[in-house]
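This structure is in structure tokens; I'll ask about it shortly.
Read the figures in this text as sums done on the coordinates, not as results from a lab. In this text, all values refer to a predicted model and were calculated from it rather than measured experimentally. Note that each Cβ is placed from the backbone with ideal geometry, even for glycine, and that neighbours are counted across all protein chains shown.
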Amino acid sequence: MKILVVTSEVTFVPENYNQFLEGLFRETKGEKELFIELVILKNNSVALPFKGLFLILSGARHIGFHLVKNSFKAIFNDRKKLAETYSIPVHYFQNPNSPDFLLFVKNHQTDLLVNARTRFIYKNKILKLPKLGAINIHHGLLPDFRGTMCDLWALLEDRPTGFSIHVMEKKIDNGSIIRRVQTSTMENSQHRNNFADLIFESSKIEGVEMARTLISIKKNQSIPIEMDNISTSPAYTKNPDFFTIRKMLQKGIEL
């Protein structure tokens, strides 16, 4: 089974989300007839360090620092070096909807596409190309919590944090739920006071859970569905503005 894991060159997750990739590569190493290749979308730019500095000045110093750090680490191909450690082929593209990427996926006879922390919106044309489909890691607990930064808003609203692996469809955060994992609750409060630590620890769990998902898909030659992605009252969140960041800081959440 041929799998393309698509991630961005730079994320704001500590260690650039490499803990996810390392866990995924480690847990699938040696799996027969499971062939993973890494696609890196080139989103690094001079604007990212300035965005990081803005976050630092806004009070989100941990996240801002990691964005600046990851931006500089990407210059030295940290993702490529990690992949090479596990003999994972690496490919670079600008956009998952570009004609060159579509042609690559088609000619590659891709069975499954995995989106791992990119902020691109995949068009229907690319989603239909892989034989089995495309799946995504949503950093919130579907079906009720959709949008961006769901885990951060969960901290503000005293809700459990977690992630959902789901089938990708044209509509964002839609598609059947494959696996849903809770990472923290108010009762289990470790890392809930520090958002950077929370998403760093979550990335380790995500790598292992994605590996288990891929092994299951390979075994059954189909995507296993845990539950429908249907909610009677879905909540949509977005990146917090300056005032929301201040509110989170006042609550005692370290950003």
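Tell me the angle of helix 61-75 to the major Cα principal axis of the chain, expressed in degrees between 0 and 90 and rounded to the nearest ten.
30 degrees
Among S45, Q19, V90, whose Cα lies farthest out toward the positive end of the dipole of region 10-91, if unit charges sit on the beta carbon of Lys, Arg (+1) and Asp, Glu (-1)?
Result: S45, furthest along the dipole toward the positive end.
Can you list which of the trypsin sites (Lys or Arg not before Pro) found in region 1-73 are DSSP loop residues with at most 13 other C-beta atoms within 10 Å?
Counting only loop positions with at most 13 other Cβ atoms within 10 Å, the trypsin sites (Lys or Arg not before Pro) in region 1-73 are K29, K32, K42.
Compare the Cα positions of L156, L67, I177 along the charge dipole of the chain (+1 at Cβ of Lys, Arg; -1 at Cβ of Asp, Glu; about the Cα centre) and return the one farthest towards the positive end.
L67
Right, here's the next one. Pick the calculated Rg/Rh (Cα atoms, Kirkwood Rh) for this structure from [x] 0.95; [y] 1.04; [z] 1.19?
[x]
With just the Cα atoms defining each centre, how far is region 74-90 from region 110-170? Give it in Å.
24 Å
Mean-square fluctuation check for the chain, GNM, Cα pairs under 10 Å: which of I135, I63, I172 is largest?
Ranking I135, I63, I172 by mean-square fluctuation puts I172 first.
A further question on this structure: Using the Cα centre of region 2-250 as the reference point, and only Cβ charges (+1 on K/R, -1 on D/E), how large is the resulting charge dipole? Debye, rounded to the nearest 20.
With Lys and Arg at +1 and Asp and Glu at -1, about 600 debye.
Additional query: Mean residue ellipticity at 222 nm from the helices of the chain, using -39,500 (n - 2.57) per DSSP H segment of n ≥ 4 over the full residue count, to the nearest 500 deg cm²/dmol?
When only DSSP H runs of four or more count, the value is -12000 deg cm²/dmol.
Return the loop-located trypsin sites (Lys or Arg not before Pro) in region 164-250 (DSSP other than H, G, I, E, B) with at most 14 other Cβ atoms within 10 Å of their own Cβ; answer none if there are none.
K170, K171, K238
If you don't mind, there's one more thing I want to ask. Got the relative contact order for the chain handy, in percent, Cα pairs under 8 Å and 6 or more residues apart?
Once divided by the residue count of the chain, the mean separation gives 23 percent.
Now a separate question. Report the paramagnetic label zone for N188: residues of region 147-164 whose backbone N is under 20 Å from a point 7 Å from Cα along the Cα-to-Cβ axis.
Answer for region 147-164: 150-164.
Whose amide H sits under 5 Å from the amide H of V39, counting only residues 5 or more places off or on another chain, with H placed in the peptide plane?
Close amide H contacts, sequence-distant or interchain: V5, V6, T7, H91.
At most 16 other C-beta atoms within 10 Å and a DSSP loop state: those are the exposed chymotrypsin sites (Phe, Trp or Tyr not before Pro) I care about. Give me the longest piece of the chain that has none.
Excluding the exposed sites themselves, the longest stretch runs over 121-255.
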